[in-house]
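Please read the structure below before turning to the comments.
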Amino acid sequence: MERLYFLTMDEAHIGHIAQVEAACAAGIRWIQLRMKLASDDEMREVAVAAKKICDAYGCTFSINDRVHIAAAVGATGVHLGKEDMGVGLARRVLGPGRIIGGTANTLEDIREHCRQGADYIGLGPYRYTTTKKNLCPVLGLGGYQRIMDQLHREGITIPVVAIGGIGKEDAPALQEAGLHGVAFSGMLVHAEDRRGMVNELKQNVIC
């Protein structure tokens, strides 16, 4: 599983398709299409175009929240928020072989996602982020460390990805705390040198 994970964002100076193209061209190989403000029809149209781009670059392509769109366009997988369809039901809809992730803010969230068969966890937020309108309590590095330590004690080895306000300078400490990888949006969208930023980030994580 990739360690750098890009999520498209609604509030950006370029559209979602352009964001996907920019992330792929910069060297990211795991893309999530996240369109909170779009209708299903709008998201499906963008998802078809985004999948073509990801396929051309050999990228994993995931859909945020909308399981039926992920199934319709043949996405690699889906990422589910805490208020979305459960992992178990999504697995029945998508079938075997798709990558299903779940958002978590607490240790109990992670246990439940694992019980239902999630492939990975998006744990956060690390710090305040404008891409999340209904923000759960910010975890910070200490919160991540406590949760990761407890997962280790319980023998839970599911990959955990840090989400929410991640900066490139945060990656080494997060990986040292036991996180598998980092997810980000604005850090790439607003970068002047996107490829340079990704290359620097790759130097700070074990890719």
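The values are calculated or read from the model by the stated rules, or taken from the named source; none is laboratory data. Keep in mind that this is a model prediction, so the values were computed, not measured. Note that each Cβ is placed from the backbone with ideal geometry, even for glycine, and that neighbours are counted across all protein chains shown.
Descriptive notes on the structure:
- Annotation note: of Ile63, Ile53, Ile28, the sole residue that is hydrophobic (A, V, I, L, M, F, W, C) and over 20 Å from Val161 (Cα atoms) is Ile53.
- Any hit, segment 25-33, residues being closer than 23 Å to Gly186 by Cα and assigned to a helix (DSSP H, G or I): yes
- Scan of segment 106-132 for residues that are surrounded by 20 or more Cβ atoms within 10 Å (Cβ to Cβ) and in a loop (DSSP other than H, G, I, E, B), ordered by number: Ala118, Gly124, Pro125, Tyr126, Thr131
- Applying the criterion of being within 28 Å of His13 (Cα to Cα) and among the polar types (S, T, N, Q) to the residues of segment 173-207, the residue that is nearest to the chain's Cα centre (by Cα) is Ser185.
- Within segment 134-164, the set of residues being touching a residue at least 60 places away in the same chain (Cβ under 8 Å) and of a type in the set (A, V, I, L, M, F, W, C) comprises Val161, Ile163.
- Residue within segment 177-198 that is in contact with a helix residue (DSSP H, G or I) (Cβ under 9 Å, 6 or more places away or on another chain), under 21 Å from Ser62 (Cβ atoms) and without any contact (Cβ under 8 Å) to a residue 40 or more places away in the chain present: yes
Per-residue answers, yes or no, for (1) in contact (Cβ under 8 Å) with a residue 40 or more places away in the chain; (2) at positive phi; (3) in contact with a Cys (Cβ under 9 Å, 6 or more places away or on another chain):
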position	(1), (2), (3)
Glu11	yes, no, no
Gly27	yes, yes, no
Leu37	no, no, no
Asp40	no, no, no
Arg44	no, no, no
Ala47	no, no, no
Ile53	no, no, yes
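- Tally, over segment 162-172, of residues that are modelled with pLDDT of 95 or more and either β-branched (Val, Ile, Thr) or more than 15 Å from the chain's Cα centre (by Cα) (or both): 1
- The sole residue among Val78, Val20 that is outside any helix (DSSP H, G or I), hydrophobic (A, V, I, L, M, F, W, C) and buried (at least 21 other Cβ atoms within 10 Å of the Cβ) is Val78.
- Among residues of segment 81-91 being at pLDDT below 95 and over 16 Å from Tyr120 (Cβ atoms), the one that is surrounded by the fewest Cβ atoms within 10 Å (Cβ to Cβ) is Glu83.
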